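Enquirer: Once you've had a glance at the structure underneath, I'll fire off some questions.
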Amino acid sequence: MQFLYTVLVVAFIYFSKIAYGCDKDPHQGVLVIAAGSFLSASSEQGVNWSPSEIKGQMTFNQGTCQYEKVIEGLPTNTNYDWKVAFNGNWGGDKGCNNGGNCQFNSGSSGAVLLIYNPYTGQLTTSPLSSGQTINPSVTTTAPPPTTCSNPYKGRIVRASGDYQTELGSTAPWLATEANSLMTFDETACVYFLILSGLKPDKFYEWKVTFDNVWSGSIGCGNGGNCKFSTSGAGTVKLEFEPNTKQLTFRPLPTICGNGQCELGETCRTCSVDCGECPPAVCGDDTCDDGESCSSCPNDCGKCPVCGDGICASNENHQTCSQDCPNELPGCEIFREESCQSGSQFQANAGSDAKRWQTPVPGTNGYQSSYQDYHTLVGYADIIYTNSDRQSADVCLETKHRYASSITLHYFFDGTAQTTKCKRFTSSYTGILEAIVKGSDGSTLQLPDIDFAWNAKPIASRSGDYRNGQKGAVGEMFGWQNKDIKEECEFLGKAVVTLGFAPNTKQLTFRPLPTICGNGQCELGETCRTCLVDCGECPPAVCGDGTCDDSESCNSCPNDCGKCPVCGDGICASNENHQTCSQDCPNELPGCEIFREESCQSGSQFQANAGSDAKRWQTPVPGTTGYQSSYQDYHTLVGYADIIYTNSDRQSADVCLETKHRYASSITLHYFFDGTAQTTKCKRFTSSYTGILEAIVKGSDGSTLQLPDIDFAWNAKPIASRSGDYRNGQKGAVAEMFGWQHKDIKEECEFLGKAGYLGVKLFPVHEQLMSTQPFENAMNPWYFMYQPISYNLDGRMGTREELRDLIQTCRGHGVRVYIDAVLNHFTGAGNDMNQHRNPNGCVKWGNKTSSAPVERQSPYYTGAYTYQYNPNTGKAPANEFPGAAIGPEDFHCDRVLGSWSDLFILNNGWLVGLTDLDTSRETVRERQAAYLVDMLSLGASGFRIDAAKHMSPEDISAIMKKVQTKMGGKLPDDFFVWLEVLTGGEAGVIWQGPSWYGTMFENILKKDLGSDSEVNKIKMWDGLYPKEPQNNPTVSRHRVVIQNDDHDQQNPGSSSRDMANFGCVLVKNCPVGEHRNFEIRLFTNPNGVSNNNDDWPIRFILSSYYHTHGDLGIPDGKSSCDLCTTTCETCRSSVPYIKAYDRMACAYTGSGYTRTHRDIAVINAMRAWMKLAPVSGSSLGIAHCA
């Protein structure tokens, strides 16, 4: 019976998948072994944990496209560990949670199917239950037949392109080629053509032609060629939608062995379908694979001959300059710039005609920073109107290649005008952005423009400076700007002026320069620093209790203490593992790893006792691993906490919260824009229009430079628009998955015109990055959800770019929402430490950061480590200094092994991610400050990632702190939505006594105080569109909905069952079907009772097609060109594709999907928002209609 069940399972999986075929098995020819603790107990009776045990060999199933191994005869209901090994050794083995062991339970039958997916590297199991009935012919109900409107019915429709010669055509771009004939699908209402036998992973171009002629052909954009790319098998499906005239494509695997000799298959590529190839015959007019131009010119044509006037593919200028001119002959060089006479000094006549040498986008040598310099260049000219320099004219001086035929528009902070100059006065306190755009589409982004009146006044000092006309100047040859900035305090100071403000009771000080040579031995001067004022230093006296500069532990132990001795059991500051291994152990023996972060009992959730003693793991300057961006994190960490004093948010206290390694013995000073005080808080009002700089300095010399501090009153007001937006509490939000900040900034004008309430950004915090592949891809998308600090320097852009984006979008009436990660930090083992797997001792190195190198933060986890930290002498621990988060702020390490046990759901480590203890007040305060920082930049709300893994009490407490810090009331247009994705645990999550059902609303009401505030805390439950009724306890005005979401885009990521009520565009969902689901989201969402008021916030996902792999992002940071380690495993390189394209249409191309640009979807959304419909021309995309 058990055997029969196994056959049925395999047969069911096979017949449900065989139609799709498999890509090439990446482990073809490799011995794949399932090794673990189970084999000796199974009916196989093999050797446990042996990577060469043949009884654990897995086989590749062509039906399921995965390796499988049936294990039977195990003791029932017993837990086992396992991994996958290759070729009889542990190198490169596959496991779970960053290489750890995977677990399974033998269940009531003692039988299980072990599964390994060679394409994703994922290990899974499926229990085999003899009592379970399997129906191998499960089907779904077919939809009713559709009547299609086909305006091209009866006409000949072909897909013509440059690919045709590769499939046997006599030339490319033929409108008469029989093999290019498209077939009309009456069910999907599209014409399609499946091509196979093309080159794998290659781009081609195509258009649709009719009735064997080119007249009336259809392409992309303004009639241009469309592009498509093949799969790894060289196969693709081309589609033409006759009503919308849109051309799309979908890469497909070929299916050699289905009994059909398909287009592109030949006797050589698939003999099983097409039969054996006949022998090559020279003279039959067919150039077979075994023939060439040399062996058979009759069939293959004459070989290229240098001098025939044709530069063939095997010729170049070096081999045949007659046919391939490229450069001057011999060693000649151009000399056209040389002067023609002794009196000449100007450039030679005609030099200007050589301008415009910059490559055009898409050609060799181009990079995005070159903008449109091939056509348009310029600069900003600042002309102050008088000598007080309190007003100025800014003129954008330009030169255009085709100046006589185009019109230029000049944008100052996003506002366009037709004249090149604009006047500004000292009331303008920002940094001016200037852009020039041509009517031909050319764009020039100029560097930031600063004004003299915004420069900080020169601080007053005593001395004979004569208003800057006398003095010494330090020339800093070879110094970087950031180093000179830090040195300026030294250059300017020597003594200080102390101040006390009696009304505010604040103590301040201001550094003043010392003057060595003025005859006074001033405070801070010594005999060593200023001999002329303080006199000769007395000789050092051993025994006076002072360790002078000339004394040491060797020459005077009485004053300087005994010198460290190797073997005394103390690892002194001048000892390390290399110089004294007895005192300074470095690593654990064998393949052992530290396990000190693990929970000690089933009820424990807090970090283990003594965890805080492992803090301060950051290297000290001058030691291995240190870089200047790590500042003095080895001793001092902290963050800025903004607390608005009332709900109008026109004044705020800024408090610099810090933690110092030696807090009891040092004094801290707090600098706000360079002015020091001894108290950590300072009040600011709306009269402060700048960006605040904060620095903390310790009396021990430690320094902490905090990120810029922004205030809410400086954010640009939301531009007013007509529509049923309800002050930001109703509307559609476009989610821009994989878009960089600079692209979203450019897209905001379109979003505003289209009528979107806002735009959602994916995580903007500093996040995990790597220089080696992970799951065969560089920097997969989910790295964005692994924070390493709360600094706003994410993969998609810097803090400065984020500020610019938000200001621009608000100016177009578009609110900005941000994906916030509060549940966890980076994955265990993804950090700055060295790691190894205890099973086989496989090692891996450290990771890096998304921030610019000068702002990167260090970060540490304790998992899979084996070396003692050289700065603490202790085992590594979870510490993220850039966020001021330490080891005591995390839950103890527990596998998240249950989705229905609320204790484990809250306290377990989700897929190995370091889980924050959000019950701690210090963590709640830090996270609330992080959210308020983004609100102060001008953000309007947040998605809270993985919210179901945080307790409702913790989330409510954090929201209460945000409310308090925002002046006692959340902003009117503010809302958050909690990701509470539910599957089989929906009952306990929504209806449990203290989880996310009615009780959570009561907790929120208690903390936030009013229904209007509670209504701003919304839910994303994932139940729409299939079963929105399964969340009956949460009012629909507190639930947000959408069709497909970013978590569904990739294999192995979270998913939700949408049945026939929705679909995922990039997972083989036809464009027309997807568009209809997005339209229905606004016109008649499934389960709606009052479409005007139910689910007032609805989301549209704009993603990207997986043309180059499933895990990378086309932002340029998933390119294998960035790889430096184990690069042979980088198999899914994703090139850079610019997300913003002002002429782009929805659903087109092979890059970004741009679903939010679809005219039909936009007008469905606008009708829901009580707005009139718009045309494509009014949005600047008339060609997309």
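Enquirer: Give me Rg over Rh for region 326-376, both radii from the alpha carbons and Rh done the Kirkwood way, two decimal places.
Expert: Details: Rg = 15.3 Å, Rh = 14.0 Å.
On the Cα set of region 326-376, Rg over Rh gives 1.10.
Enquirer: At a 1.4 Å probe radius, which order do 429, 624, 235 fall into by accessible area, largest first?
Expert: Numbers: 429 65, 624 135, 235 5 Å².
Accessible-area ranking of 429, 624, 235, largest first: 624, 429, 235.
Enquirer: Which aspartates and glutamates does residue 399 reach when only Cα atoms under 12 Å apart count, and residues fewer than 8 places away in its own chain are ignored?
Expert: Excluding near neighbours in sequence, the set is 352, 372.
Enquirer: Carbon and sulfur: what percent of the chain's accessible surface (1.4 Å probe)?
Expert: 51
Enquirer: With every protein chain present, what is the per residue accessible area of the chain (1.4 Å probe, Å²)? Can you show the working numbers first?
Expert: Working: 54820 Å² over 1185 residues.
Here the residues of the chain average 46 Å² of exposed surface.
Enquirer: For region 45-104 and region 891-929, what is the separation of their C-alpha centers, rounded to whole Å?
Expert: Each part's Cα centre sits 30 Å from the other's.
Enquirer: Kindly identify region 371-448 as rounded, prolate or oblate by the Cα gyration tensor criterion: order the square roots of the eigenvalues as a ≥ b ≥ c, call it rounded if a/c is under 1.5, otherwise compare a/b with b/c, prolate if a/b is larger, else oblate. Present the calculation step by step, with values, prior to reporting the outcome.
Expert: Working: a/c = 2.38, a/b = 2.15, b/c = 1.11.
Since a/c reaches 1.5 and a/b is larger than b/c, the shape of region 371-448 is classed as prolate.
Enquirer: While we're on this one: Enumerate the whole-percent occupancy of each 5 Å bin, from 0 to the last occupied one, for all C-alpha pair distances of region 21-127.
Expert: Result, from short to long distances: 2, 13, 25, 26, 19, 10, 3, 0 percent.
Enquirer: Could you pull the accessible area for residue 247 with a 1.4 Å probe, rounded to 10 Å²?
Expert: 10
Enquirer: Please give the direction-averaged projected area of the C-alpha convex hull for region 73-126, in square nanometres with one decimal.
Expert: On the way: hull surface 16.7 nm².
Spelled out: convex hull of the Cα atoms, projected over all directions, averaged, 4.2 nm².
Enquirer: What would the Debye equation give as log₁₀ I(q)/I(0) for the chain at q = 0.04, 0.05, 0.08, 0.09 Å⁻¹, counting only Cα atoms as equal point scatterers?
Expert: Rounded to two decimals, the profile gives -0.28, -0.43, -1.10, -1.36.
Enquirer: Just tell me which aspartates and glutamates come within less than 17 Å, Cα to Cα, of residue 1067; anything on the same chain fewer than 8 places away is out.
Expert: Within the straight-line limit of under 17 Å, residue 1067 reaches these aspartates and glutamates: 23, 239, 1044, 1045, 1047, 1057, 1078, 1110.
Enquirer: Separate question: For the cross-link pairs 680/1006; 227/745; 697/960; 614/659, which exceed 23 Å when the distance is taken from alpha carbon to alpha carbon? Please report the intermediate quantities before stating the final value.
Expert: Details: 680/1006 31 Å; 227/745 27 Å; 697/960 31 Å; 614/659 14 Å.
Result: 680/1006; 227/745; 697/960 exceed 23 Å.
Enquirer: Using just the helices of the chain, give the 222 nm mean residue ellipticity in deg cm²/dmol: DSSP H runs with n ≥ 4 each add -39,500 (n - 2.57), and the total is spread over all residues, rounded to 500. Don't skip to the answer; put the middle values down first.
Expert: On the way: 16 runs with 152 residues, N = 1185.
Counting only the DSSP helices, I get -3500 deg cm²/dmol.
Enquirer: Full-extension gain between residue 527 and residue 285, please, as 0.36 nm times their residue separation minus the C-alpha to C-alpha distance.
Expert: On the way: separation 242, 0.36 × 242 = 87.12 nm, distance 9.96 nm.
Contour length minus the Cα-Cα distance gives 77.2 nm.
Enquirer: Let me ask another. Compute the Cα gyration tensor for region 639-749, then decide on rounded, prolate or oblate, letting a ≥ b ≥ c be the square roots of its eigenvalues: rounded whenever a/c is under 1.5, prolate when a/b is larger than b/c in the other cases, and oblate in all that remain.
Expert: Note, shape of region 639-749 comes out prolate.
The values are calculated or read from the model by the stated rules, or taken from the named source; none is laboratory data. Every value quoted in this text rests on a predicted model; they were computed, and no experiment measured them. Ligands, DNA and RNA are stripped out before the accessible areas are found, and what is left, the full protein with its side chains, is counted by its heavy atoms. Shrake-Rupley method; radii C 1.70, N 1.55, O 1.52, S 1.80 Å.
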